[in-house]
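The values are calculated or read from the model by the stated rules, or taken from the named source; none is laboratory data. All values derive from a computational prediction rather than experimental measurement. Here Cβ is always computed from backbone atoms with ideal geometry, including for glycine, and neighbour counts include all displayed protein chains. The protein model used for the area step is the full one, side chains on, heavy atoms only, and it has no ligands, DNA or RNA in it. Shrake-Rupley method; radii C 1.70, N 1.55, O 1.52, S 1.80 Å.
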Amino acid sequence: MGGVLVVMALFWFWRGHAKTASILGVVAAFLITAAWWCPRLLFLPNKIWLRLAHLLGWINSRVILTAIFLFVFTPVGMLLRALKWDPLRLRLQSRESEWAPYSEGIRDPKHYERMY
């Protein structure tokens, strides 16, 4: 985290925001110094950070998965149903058998010599 804050401080300094860069630099220096000399000081901030990350992960996974299902999978599924396209051939060709006919490429015996 200290290294990331150093990079952020350098970026803000390059953009001309010296006050923001100095604050980030001080926090980065504290984190790097504490990690180097007394790692026990970072136990509580690490615990808080991991709990926050866990909470954000839980929320984001629900939000992102819901958005993907609502805005990607549902419209694609509705479009495929409207076009009556069945890429997995889940609908039976006839009610008597579940046999699917072979394609012409599979009927050729040379197919088995180089399957992949």
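Dipole of the chain, Cα-centred, from +1 at each Lys and Arg C-beta and -1 at each Asp and Glu C-beta, to the nearest 20 debye? Don't skip to the end; give the middle numbers.
Details: 14 positive and 6 negative charges, 89 e Å.
Using only the charged Cβ atoms, the result is roughly 420 debye.
Quick check on the chain: helices-only [θ] at 222 nm, where DSSP H runs of length 4 and up contribute -39,500 (n - 2.57) each and the sum goes over total residues. Nearest 500, please.
On the way: 5 runs with 72 residues, N = 116.
After summing the helix terms and dividing by residue count, I get -20000 deg cm²/dmol.
Which one, LEU88, PHE71, PRO45, projects farthest toward the positive side of the charge dipole computed for the chain from Cβ point charges (K/R +1, D/E -1)?
Checked the options; the winner is PRO45.
Arranged from highest to lowest average of other beta-carbon atoms within 10 Å per residue, in what order do the peptides 74-87, 11-24 appear?
Values: 74-87: 9.4, 11-24: 13.4.
Result, highest mean first: 11-24, 74-87.
Of all accessible surface on the chain at a 1.4 Å probe, what whole percent is carbon and sulfur? All intermediate terms of the calculation are to be shown ahead of the outcome.
On the way: 7700 of 11140 Å².
Using a 1.4 Å probe with all protein chains present, the chain comes out at 69 percent carbon and sulfur.
Quick one: Cα convex hull volume of the chain, Å³ per residue?
Per-residue hull volume (Cα only) is 313 Å³.
Please calculate how many Å² of accessible area the chain carries per residue, with a 1.4 Å probe and no DNA, RNA or ligand atoms counted.
Working: 11140 Å² over 116 residues.
Here the residues of the chain average 96 Å² of exposed surface.
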